[in-house]
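Below is one structure; the comments refer to it alone.
The values are calculated or read from the model by the stated rules, or taken from the named source; none is laboratory data. Note that the structure is predicted; figures quoted are calculated from it, not measured. Every residue, glycine as well, gets a Cβ built from its backbone with ideal geometry; the counts of neighbours run over all protein chains shown. Each accessible area value is taken on the protein alone, full model and side chains, heavy atoms only, with ligands, DNA and RNA left out. Shrake-Rupley method; radii C 1.70, N 1.55, O 1.52, S 1.80 Å.
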Amino acid sequence: LCRGGLAERLCRLQNRERSAISFWRHQCISDDKIPSDKSGVLIVKILEIFEECTIQVAICQQLEQSPVTLSPEDAVINAEEPILKVLFTRETAAHLRSRPQDVIYIYPPWQKLLLQNSDVPVIMHTYFSQKVLISEYSEAREKTYGLTKMLIRKNIISLAQTFRLDDLDDKLHQESSDNQVPCAPQTHNKGDSKRHPLALSVVNDSLLEMVESQGAVGWREVQVRVVIQRVYCLPAREGCRSHTQGNKPLCATPVTNSDPPHVRLCLLVQDAYGMFSEVQLQSLSSTDDIEQYCRRWEGKSCCLAGMKILQRTTRGRALGLFSLIDSLWPPVVPVKVPGQSQDSERMTTNLPPPSFCYILTVQSGEIHVEVDEEEQISNLYQPPAVHGLKEILRINGCNERCSFWAQVLYRRLQTKHSVPIDQREVLLFVTDSTLQNVVPGIPKVVAVSVIASCVLSMEITEALSAGSRHVFFKDALWGNGRIICVERTVLLLQKPLLCSAAGADLSELTGPVRLDELDSTTQANSICALRGTVVGVNESTAFSWPTCNRCGNGKLELCPQDRESLYCNQCSEVVTTPVLKMQLEVFLSCPSRSQSTIKVKVWHEISVVVSALFVLLTMLLFLQTYEVQSVLGKEVGLLNCYVHSVTSHPDCVVLEEIVLL
């Protein structure tokens, strides 16, 4: 908040008000009696209670200053006084726990509001209120009814009714006795065993209206119709797990701490007014279903019911969520505008993007999501706009969402030993046809950082382990020269059925892939091609060891029967063709960086790959009679390498030879 601004002053005023109310209530409880000062006290008897827009409205009659010995039923009603409509906030109503026939003392500074075309005055500012038990009869009644569940009628007031629009849906504004919810989580008794069914026949199209009319505790009377813009998974820190069966509504069950880590299925939905909300549905034990959920649900309309507000978040608190919302703004079709008739729609090019978003979650055991998979794609749906990597690298903005189709050439887990393996960042080096063409100033391969909060399906992980694959990156984040897969980024093995190509070349690479050669622009944590001349070998770091060609066990032993053979304890078999692994460091002279020291770490499996540099160094390592001088001055290349570090003082480049997928 700006120092000295209206918002800061209002916040301080609200804090002082809350403190004054708490102190007054504490003083009343401590004194255990009604304050003796009766000047300005308004005494009312409640006749009826209902709730409207989260405010509890009590229809009351004003009482004369009756003796305290009278019960509320015997209190004298002043017929000359009009009926009053008293407003209580949710906090005050929860403190009073009032019922019809209760007597309430309202202490100053209450205010009376006289409305035009209405004979019933409205009493506001009722924070300093106290329910009065003025006889043993009242105390017995309080003990009898205090443990029962009080049902409060809710009046649903739509925005259309507020703005007096012409095309009102009469069903939306009917007050039904079934539209009742518990006033407080109190114990049940047999007299309140009647179940009140959900009025699911009433369907609204405004998320904001549902929040204002239903409150944060849950939507029980109505449904809201929205369009699913995105389907993704988030790490499930806590919450509920639910089960899906075909096209049936989902039902939630609690997640216990003994379960393995799960991810939560989430929907980013948008209503007819353009407002967004993130719905956290269920925890999945496997992420392999995310692709089918994307294909089945994205772009379809669905009805939400039984939701509760988990959080109201703003742009400053959830940059990742709002970067995704910004990529879907403005809407592709005109949206409804609050305060105007349903037919009065305008173009949305000048509408400001949303500044807040409600995070919704399901209530256990409630019917909450019903997707009509047979319905056609909504006109409000915005499929991901697919671009070529060359076009993405030329974007000037920061924190821009982007989608692309690329071939993964190499995968590398960042080696931060202080961080658990499942929380480490993964680098995926990718390319496409737009980068492989010779374009000055544009790299042929770019690195995509996949942070730990980005959920990868097991199908994606296994596919990348098996070899090079084309992957669709949906809603990745571009900024500060990096492409990052963050929360709400989805990786798929197939291109989506609906996507906006925007002229991008989505063809797959068929020829050999070229890497950028090492030069003065090469940066750390990149891959490049290297050619040069051997100028030195670091013999102190050279070592090799045999491994099992079946299981990869690196701790082989001499066979007891044949001392010239190796034996694997894990396979319990003799290893006749071991895989010999070796590692050493060599120094090269590179023409493109003639002033730099180029150190290359060589790590090879003899039976898997043989490079030009490896052929030169194998005999050096294993034949004692081979002289180091015989390999110095030999030309090697092209080697595919990962760049560990680039320093200027001293001018040194440390690389590691790699094998592309």
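By how many nm would the segment from LYS131 to THR89 grow when fully extended, if each residue of separation counts as 0.36 nm and the alpha-carbon distance is taken off?
13.6 nm
For the peptides 574-585, 301-312, 42-53, what is the packing order when you average, over each peptide's residues, the other Cβ atoms within 10 Å and list the highest mean first?
The packing order, highest mean first, is 301-312, 42-53, 574-585.
At 1.4 Å probe size, with the rest of the protein present, what percent of the exposed accessible area of region 385-501 is carbon and sulfur atoms? It would help to have the intermediate numbers written out before the result.
Working: 2600 of 5130 Å².
That share works out to 51 percent.
How large a share of the accessible area of region 536-596, in percent, is made up of carbon and sulfur atoms when the probe is 1.4 Å and the other protein chains stay in place?
Carbon and sulfur atoms account for 46 percent of the accessible area of region 536-596.
Which peptide among 653-660, 482-489, 93-100, 517-524 comes first, and what is the full order, when sorted by highest mean count of other Cβ atoms within 10 Å?
Answer by packing, highest mean first, reads 482-489, 653-660, 93-100, 517-524.
Rank these by accessible area, largest first, 1.4 Å probe: ARG18, ARG225, ARG593.
Ranked from most to least accessible, the order is ARG18, ARG225, ARG593.
Can you give the accessible area per residue of region 485-594, in Å², using a 1.4 Å probe?
55 Å²
Show me 317-323, 373-379 ranked by packing, highest mean number of other Cβ atoms within 10 Å first. It would help to have the intermediate numbers written out before the result.
Working: 317-323: 17.1, 373-379: 11.3.
Ranking the peptides 317-323, 373-379 by packing returns 317-323, 373-379.
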